[in-house]
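Student: Structure provided below as structure tokens; questions to follow.
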Amino acid sequence: MSLTLEQVRRVAHLARIEISDVEAHRTLGHLNEIFALIEEMQAVDTQGIGPMAHAQDVAQRLRADLVTESDQLAQRAAFQAIAPETEGGLYLVPKVIE
Amino acid sequence: MKQWEVVIGIETHAQLSTQAKIFSGSSTAFGSAPNVQANAVDIALPGVLPVLNKGAVVCAIRFGLAVGAEIARHSVFARKNYFYPDLPKGYQISQYEWPVVLGGQLAIQVGESEKTVSLTRAHLEEDAGKSLHEGLGPHFRECSGIDLNRAGTPLLEIVTEPDMRSSAEAVAYARALHALVRWIGICDGNMQEGSFRCDANVSVRPVGQPHFGTRREIKNLNSFRFMQQAIDYEVQWQIATLEDGGSIEQATVLFDPVSGETRAMRSKEDAHDYRYFPDPDLLPLAIDRSWVEQIRAQLPELPTAKRERLIADYGLSAYDARVLTSSLELVGYYEATVATAGQANAKSCANWVMVDLAARLNKEDREIGESPVSAEQLGGLIARIGDGTISTNIARKVFDFLWNGEGSSADEIIARQGLQQISDSSSLEMLLDELLAANPAMVAEFRAGKEKAFNALIGQVMKATRGQANPQRVSDLLRKKLG
């Protein structure tokens with residue numbers, strides 16, 4: 001299986017990554033090499049082996065249901081000091097309307 | 001003319017009643033100043049790692065057990081990728097191929113008939129933040145404001161099969177689900193605050209057609225009334241469109257409560273290409289069976305089982321049992337009332353709770369938990385009706401005293417106010433003799449065959465005793481005297 005240039009552009013758009021034609025071609029080559037590698041791996045017999053959702057075969061540790069944050073007003077001030085624009089405690093972004 | 005069949009499936013987002021967020025230690029409380037409940041994880045600063053809140057998993061398992069679902073042994077969190085300013089990570093942590101809850105069923109009641117709705121799954125996910133488009137400073141002409149307090153609030157998304165065939169069934173399902181999540185204490189069900197919101201997938205097909213029609217999804221229905229209106233409008237719109245020779249395009253629509261219409265949202269072509277993949281920041285969740293059993297042991301008796309027991313043990317009608325089990329608080333109050341009044345008065349307790357108490361609470365816009373009359377006080381009152389100490393009419397007076405806090409118990413009020421029923425024959429007979437002597441006209445009318453005169457005489461006795469005479473006893477004695 002190999003990708004088309006159109007698919008590369010579409011994936012880039014979905015990820016909001018701007019790519020030039022040259023980059024698109026180069027990326028297509030890279031991705032197709034990865035697909036070739038995957039195809040090679042497909043030859044391995046995986047019958048009866050469950051898929052892993054994570055590279056490490058360990059289970060998630062859980063946190064107790066406790067509020068551990070305090071003085072978030074000060075924290076907000078620190079976060080918003082590096083935000084491009086804020087007002088009344090809100091982060092401002094270009095207008096979004098559905 | 002063609003007959004159409006309506007097909008509805010529902011997705012519900014229930015906000016889970018945890019203290020902290022699903023992946024961070026921020027508070028989930030509603031109504032704080034903007035962004036004060038958003039820490040580094042919630043606003044997605046680089047380098048942060050999510051850590052799963054055990055409380056949210058417990059809620060999901062409780063729900064799964066309550067609907068008879070399979071609880072996954074192994075569950076995985078996935079990234080759902082899309083760009084929106086109230087989602088600072090650029091993805092929502094959700095679940096895709098391996099949700100916590102698989103299958104399950106919920107019984108619903110539509111009019112007199114029962115029906116079972118099958119659930120597909122229920123999965124954990126985080127909520128997004130909120131975008132505000134108006135109402136603040138001058139910048140808001142070109143800008144939207146982002147409040148991330150809600151970002152990371154735990155949600156359980158509950159998905160049904162396309163099992164419902166009318167807006168009435170859809171609303172009955174939503175109500176049953178709403179009652180259940182509150183019953184098992186996993187969601188406060190506050191629809192105004194967005195703690196319980198439904199999306200309805202609606203399609204129509206000619207009766208007999210095996211495959212489903214194209215569906216449109218009505219988003220964010222936050223009241224049962226709107227759900228009914230939105231589905232009814234959508235159904236007639238789809239039928240009208242098809243009958244005019246048009247076709248239905250798959251779309252997401254919003255309901256406008258003002259116009260009563262549904263309208264397609266402008267949707268980007270890529271909107272549904274979420275490119276889910278397992279979140280490498282979170283390890284798979286292992287749910288061992290002993291933990292599940294421990295959670296099962298802590299579940300309250302479920303509504304269906306409770307209803308059956310009320311009918312079997314207390315001889316209540318199916319209707320009464322259903323009304324009383326509309327919430328865990330209400331049925332708890334009822335059972336505590338019976339515990340004091342005695343099982344023999346169980347039916348009377350049901351009437352008092354459902355009629356007298358409910359009317360009073362309703363009038364003052366109070367919840368059962370805010371009743372000034374405790375279950376023990378009401379039970380004590382009903383016991384005194386049951387043993388003939390007071391009549392139902394006098395009991396209503398005593399109830400008023402209790403409601404107004406003028407007395408600690410029915411017994412105390414009855415004694416203080418001298419409200420005991422007069423059942424003693426000799427004093428009643430004396431009273432009757434006086435009355436008959438004073439009302440010869442009525443006596444003559446009764447003897448002439450007018451039953452009305454008899455009732456008027458009883459009325460006189462009740463008036464003379466300020467309602468305290470035992471009406472049955474008075475009636476018996478009077479018949480004897482006149483007969």
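Student: Can you list the trypsin sites (Lys or Arg not before Pro) in segment A:53-98 that are in a DSSP coil and have 16 or fewer other beta carbons within 10 angstrom? Show your work: numbers first, answer last.
Tutor: Numbers: sites: A:Arg61, A:Arg63, A:Arg76, A:Lys95; in loops: A:Arg61, A:Lys95.
Passing sites in segment A:53-98 are A:Arg61, A:Lys95.
Student: Other chains near B:28-39: what is the mean number of their Cβ atoms within 10 Å of each residue's Cβ? Spell out each step's value before the answer.
Tutor: On the way: counts 2, 1, 0, 0, 3, 6, 7, 13, 9, 5, 6, 6.
Mean partner-chain Cβ count within 10 Å for B:28-39: 5.
Student: While we're here: Could you sort out which of B:Lys54/B:Lys80; B:Lys363/B:Lys450; B:Lys130/B:Lys306; B:Lys80/B:Lys115; A:Lys95/B:Lys54 sit more than 29 Å apart by Cα distance in this structure?
Tutor: Numbers: B:Lys54/B:Lys80 22 Å; B:Lys363/B:Lys450 41 Å; B:Lys130/B:Lys306 39 Å; B:Lys80/B:Lys115 34 Å; A:Lys95/B:Lys54 37 Å.
Where the Cα-Cα span goes over 29 Å, the pairs concerned are B:Lys363/B:Lys450; B:Lys130/B:Lys306; B:Lys80/B:Lys115; A:Lys95/B:Lys54.
Student: Oh, and also: So which residue, out of A:Glu87, A:Glu40, A:Glu69, gets the largest mean-square fluctuation from a GNM of chain A using Cα contacts under 10 Å as springs?
Tutor: Residue with maximal mean-square fluctuation among A:Glu87, A:Glu40, A:Glu69: A:Glu87.
Student: How far is helix A:21-42 tilted, in degrees, relative to the longest principal axis of the Cα atoms in chain A, given as a value from 0 to 90 rounded to the nearest 10?
Tutor: 60 degrees
Student: Count, for each residue of A:72-82, the Cβ atoms from other chains sitting within 10 Å of its Cβ, then give me the mean as a whole number.
Tutor: Numbers: counts 11, 4, 1, 8, 9, 2, 1, 8, 2, 0, 1.
Taking all residues of A:72-82 together, the mean is 4.
Student: Set Lys and Arg Cβ to +1 and Asp and Glu Cβ to -1, take the dipole of the protein assembly as shown about its Cα centre, and tell me which of B:Gly342, B:Val57, B:Asn149 lies farthest positive.
Tutor: Going by the charge dipole, the pick is B:Gly342.
Student: Under a point-charge model restricted to the Cβ atoms of Lys and Arg (+1) and Asp and Glu (-1), what is the dipole moment magnitude of segment B:205-297 relative to its Cα centre, in debye to the nearest 20? If you can, show how the numbers build up before the last one.
Tutor: Numbers: 11 positive and 15 negative charges, 42 e Å.
My answer is approximately 200 debye.
Student: Need one word for chain B: rounded, prolate or oblate. Basis is the Cα gyration tensor (sqrt eigenvalues a ≥ b ≥ c); a/c below 1.5 gives rounded, then a/b vs b/c decides.
Tutor: Numbers: a/c = 2.64, a/b = 2.11, b/c = 1.25.
In terms of gyration-tensor shape, prolate.
Student: Follow-up question, since we're still on this one. Provide B:Cys198, B:Cys349 in ascending order of the number of other Cβ atoms located within 10 Å of each residue's Cβ, fewest first. Let's see the in-between values first.
Tutor: Working: B:Cys198 27, B:Cys349 31.
Lowest to highest Cβ neighbour count: B:Cys198, B:Cys349.
Student: Ok, one more. Once you charge only the Cβ atoms, +1 for Lys and Arg and -1 for Asp and Glu, what is the size of the charge dipole of the protein assembly as shown about its Cα centre, to the nearest 20 debye?
Tutor: Details: 57 positive and 75 negative charges, 364 e Å.
The calculated dipole for the protein assembly as shown is roughly 1740 debye.
Student: Next question, about the same structure. Sort B:Ser371, B:Ser317 so the one with the fewest other Cβ atoms within 10 Å of its own Cβ comes first. Don't skip to the end; give the middle numbers.
Tutor: Numbers: B:Ser371 21, B:Ser317 12.
Going from sparsest to densest Cβ surroundings: B:Ser317, B:Ser371.
Student: Pick out, from B:Trp291, B:Asn222, B:Gly332, the residue whose Cα sits farthest towards the positive end of the charge dipole of chain B, with +1 on the Cβ of Lys and Arg and -1 on the Cβ of Asp and Glu.
Tutor: B:Gly332
Student: Collect residues whose amide H, placed 1.01 Å from N in the peptide plane, falls under 5 Å from the amide H of A:Arg63; neighbours closer than 5 in sequence don't count.
Tutor: Answer set, sorted by chain and number: B:Leu52, B:Asn53, B:Lys54.
Student: I've got another one for you. Sorted from fewest to most neighbouring beta carbons within 10 Å, what does the list A:Leu28, A:Leu14, B:Leu106 look like? Spell out each step's value before the answer.
Tutor: Values: A:Leu28 18, A:Leu14 15, B:Leu106 21.
The fewest-first ordering by Cβ neighbours comes to A:Leu14, A:Leu28, B:Leu106.
Student: Which ³J(HN,Hα) values in Hz, rounded to whole numbers, follow from the phi angles of segment B:297-309 under the Karplus curve 6.51 cos²θ - 1.76 cosθ + 1.60, where θ = phi - 60° and Gly and Pro get x?
Tutor: Karplus values, whole Hz, x for Gly and Pro: 5, 8, 6, x, 4, 7, x, 5, 5, 4, 4, 4, 5.
Student: Still on this model: Relative contact order of segment B:425-482: what whole-number percent is it, with Cα pairs under 8 angstrom and at least 6 residues apart? Walk me through the numbers before you get to the answer.
Tutor: Details: 30 pairs, mean separation 20.6, N = 58.
Over segment B:425-482, the number comes to 36 percent.
Student: Averaged across orientations, what area in nm² does the convex hull of the alpha carbons in the protein assembly as shown project?
Tutor: Numbers: hull surface 162.3 nm².
If you wrap the Cα atoms of the protein assembly as shown in a convex hull and average its projections, you get 40.6 nm².
Student: Size of the dipole of chain B about the Cα centre, Lys and Arg at +1 and Asp and Glu at -1 on the beta carbon, nothing else charged, in debye to 20?
Tutor: On the way: 49 positive and 60 negative charges, 186 e Å.
That gives chain B a dipole magnitude of about 900 debye.
Student: Evaluate peptide B:220-233: per residue, the Cβ atoms of other protein chains within 10 Å of its Cβ; return the mean as an integer. Show your work: numbers first, answer last.
Tutor: Numbers: counts 0, 0, 0, 0, 0, 0, 0, 0, 0, 0, 0, 0, 0, 0.
Across the residues of B:220-233, the mean count of other-chain Cβ atoms within 10 Å is 0.
Student: Calculate the length of the line joining the C-alpha centroid of segment B:247-322 to that of segment B:193-230, in whole Å.
Tutor: Segment B:247-322 and segment B:193-230 have Cα centres separated by 14 Å.
Student: Compare the peptides B:358-369, B:108-119 by average per-residue count of other Cβ atoms within 10 angstrom and give them in order, highest first. It would help to have the intermediate numbers written out before the result.
Tutor: Numbers: B:358-369: 12.2, B:108-119: 14.1.
The peptides rank, most packed first, as B:108-119, B:358-369.
Student: Just name one of B:Ser427, B:Gly459, B:Ala437: the one whose Cα is farthest towards the positive end of the charge dipole of segment B:425-482 (beta-carbon charges, Lys/Arg +1, Asp/Glu -1).
Tutor: It is B:Gly459.
Student: Averaging sequence separations of C-alpha pairs under 8 Å and six or more residues apart, then dividing by the length of chain A, give the relative contact order as a whole percent. All intermediate terms of the calculation are to be shown ahead of the outcome.
Tutor: Numbers: 29 pairs, mean separation 18.6, N = 98.
Over chain A, the number comes to 19 percent.
Student: If you don't mind, there's one more thing I want to ask. In whole percent, what relative contact order does chain B give with Cα contacts below 8 Å and a gap of six or more residues? Write out the running numbers ahead of the final one.
Tutor: Working: 823 pairs, mean separation 66.3, N = 483.
Relative contact order of chain B: 14 percent.
Only the coordinates and a few stated rules stand behind these numbers; no lab work does. Keep in mind it's a predicted model, so treat the numbers as computed, not measured. All Cβ positions, glycine included, derive from the backbone under ideal geometry; neighbour counts span all protein chains shown.
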